[in-house]
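Peer 1: My questions will all concern the structure given below.
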Amino acid sequence: MSSVLSYESLVHAVAGAVGSMTAMTVFFPLDTARLRLQVDEKRKSKTTHMVLLEIIKEEGLLAPYRGWFPVISSLCCSNFVYFYTFNSLKAVWVKGQHSTTGKDLVVGFVAGVVNVLLTTPLWVVNTRLKLQGAKFRNEDIVPTNYSGIIDAFHQIIRDEGILALWNGTFPSLLLVFNPAIQFMFYEGLKRQLLKKRTKLSSLDVFLIGAIAKAIATTVTYPMQTVQSILRFGHHRLNPENRTLGSLRNVLYLLHQRVRRFGIVGLYKGLEAKLLQTVLTAALMFLVYEKLTAATFMVMGLKSTRKH
């Protein structure tokens, strides 16, 4: 119990949250472009920079940062939960011993499940706020009108029921393999480098963070597209089955995507997603590692976790 409620786990959680907030703020416009490409199927522009230029031209200079606050708030909560759970479980299971790739994957998966169940409502709301006011090419999309985070929660519960806040939970649970794979490769690459040197440089941390995220994103991207569509929840699709997030809906959306655009349709927006998530993850891990090390040094403590 002391491992779960330890100061060390808290430091890792705060550092992870701060790192993710910093990185997302820097690369936020890339996430805006990725989301438009995933949700607005009829948008003709295929490249990230062209989509961003269109958004700025049609919706204003600050449009790429629309929905920044709810996204950052959700990301802060989500990463705090994930890093706290990941490091607490690892401390309990590993107990001062060297970790393994298999243990990192299992711990990452469990931490991901806990994170999804607790924070999905925040992501549903921020997805909708981020797309509100967007000029869509797809006439199947029903526009929304929320005045803020609290109003969005209120309207969703009132009009769609409280379970709508967990739209996309099923693909999200499948997607816990994304951070699990990411952390597995990150911790594994980190262990390999630390065999050859006593300390990792900033460039080392940045590069292994980027590689780990690139692998995880490419493997799980089709499910991320389905997740975005379900969270938005305003497509006039599959009227005979309204249970958003069910396996039937996930398969339906995947089939529709392939039927309309071919296999390539499952990877629409991947360029923007890779650019955004790889750079964001790399910067996040860099800030996380530096902040964690600095905090332990200032407090005169030594991390008990072994890699």
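Peer 1: Would you work out which of GLN182, PHE69, VAL11 lies farthest towards the positive end of the dipole of region 7-299, given +1 charges on the beta-carbon of Lys and Arg and -1 on that of Asp and Glu, about the Cα centre?
Peer 2: GLN182
Peer 1: Run lengths n ≥ 4 of DSSP H only: what is the helix-derived mean residue ellipticity at 222 nm for the chain, with -39500 (n - 2.57) per run over all residues, to the nearest 500? Before the final figure, lay out the partial values.
Peer 2: Details: 10 runs with 216 residues, N = 307.
My calculation for the chain gives -24500 deg cm²/dmol from helical runs alone.
Peer 1: Here's a follow-up. What accessible area per residue, rounded to a whole number of Å², is obtained for region 7-299 using a probe radius of 1.4 Å? Don't skip to the end; give the middle numbers.
Peer 2: Details: 13070 Å² over 293 residues.
For region 7-299, the per-residue accessible area is 45 Å².
Peer 1: When the accessible area of the chain is computed with all protein chains present and a 1.4 Å probe, what percentage of it is carbon and sulfur? Don't skip to the end; give the middle numbers.
Peer 2: On the way: 9840 of 14210 Å².
In the chain, the share of accessible area belonging to carbon and sulfur is 69 percent.
Peer 1: Which one, GLY102, LEU131, GLN227, is farthest towards the positive end of the dipole of the chain when Lys and Arg carry +1 and Asp and Glu -1 on their Cβ?
Peer 2: Of the options given, the answer is GLY102.
Peer 1: Using the Cα centre as the reference, give the magnitude of the dipole from point charges on the C-beta atoms of the chain (Lys, Arg: +1; Asp, Glu: -1; all else neutral), rounded to the nearest 20 debye. Before the final figure, lay out the partial values.
Peer 2: On the way: 36 positive and 18 negative charges, 166 e Å.
It works out to roughly 800 debye.
Peer 1: Related question: Would you mind calculating the relative contact order of the chain from Cα pairs under 8 angstrom and at least 6 residues apart, reporting the percent as a whole number? Please report the intermediate quantities before stating the final value.
Peer 2: Working: 425 pairs, mean separation 90.7, N = 307.
It rounds to 30 percent for the chain.
Peer 1: How long is the gain from VAL26 to THR100 if the chain were fully straight, where each residue apart is worth 0.36 nm and the alpha carbon distance is subtracted? If you can, show how the numbers build up before the last one.
Peer 2: Details: separation 74, 0.36 × 74 = 26.64 nm, distance 3.27 nm.
Result: 23.4 nm gained on full extension.
Peer 1: Here is a follow-up. In whole Hz, with x marking every Gly and Pro, tabulate ³J(HN,Hα) for region 171-186 from phi via Karplus 6.51 cos²θ - 1.76 cosθ + 1.60, θ = phi - 60°.
Peer 2: Couplings: x, 5, 5, 5, 7, 5, 5, 4, x, 5, 5, 4, 5, 4, 5, 4 Hz.
Peer 1: Mind giving me the FRET efficiency for PHE69 and VAL110? R0 is 45 Å, r the Cβ-Cβ distance, nearest 0.05 is fine. Let's see the in-between values first.
Peer 2: On the way: r = 30 Å, r/R0 = 0.66.
After rounding to 0.05, the efficiency reads 0.90.
Peer 1: Let me ask you something else. Could you give the size of the charge dipole of region 52-185 about its Cα centre, using +1 on the Cβ of each K and R and -1 on the Cβ of each D and E, expressed in debye and rounded to the nearest 20? Walk me through the numbers on the way to the answer.
Peer 2: Details: 10 positive and 9 negative charges, 95 e Å.
That gives region 52-185 a dipole magnitude of about 460 debye.
Peer 1: So, with +1 on the Cβ of K and R and -1 on the Cβ of D and E, and no other charges, what is the size of the charge dipole of region 88-164 about its Cα centre, to the nearest 20 debye?
Peer 2: Details: 8 positive and 6 negative charges, 77 e Å.
Dipole size: approximately 360 debye.
Peer 1: What are the extents of the Cα atoms of the chain along their three principal axes, listed from largest to smallest and rounded to whole Å?
Peer 2: Between the extreme Cα coordinates on each principal axis of the chain lie 57, 37, 36 Å.
The values are calculated or read from the model by the stated rules, or taken from the named source; none is laboratory data. Quantities reported herein were computed from a predicted structural model and do not represent experimental measurements. Note that each Cβ is placed from the backbone with ideal geometry, even for glycine, and that neighbours are counted across all protein chains shown. The protein model used for the area step is the full one, side chains on, heavy atoms only, and it has no ligands, DNA or RNA in it. Shrake-Rupley method; radii C 1.70, N 1.55, O 1.52, S 1.80 Å.
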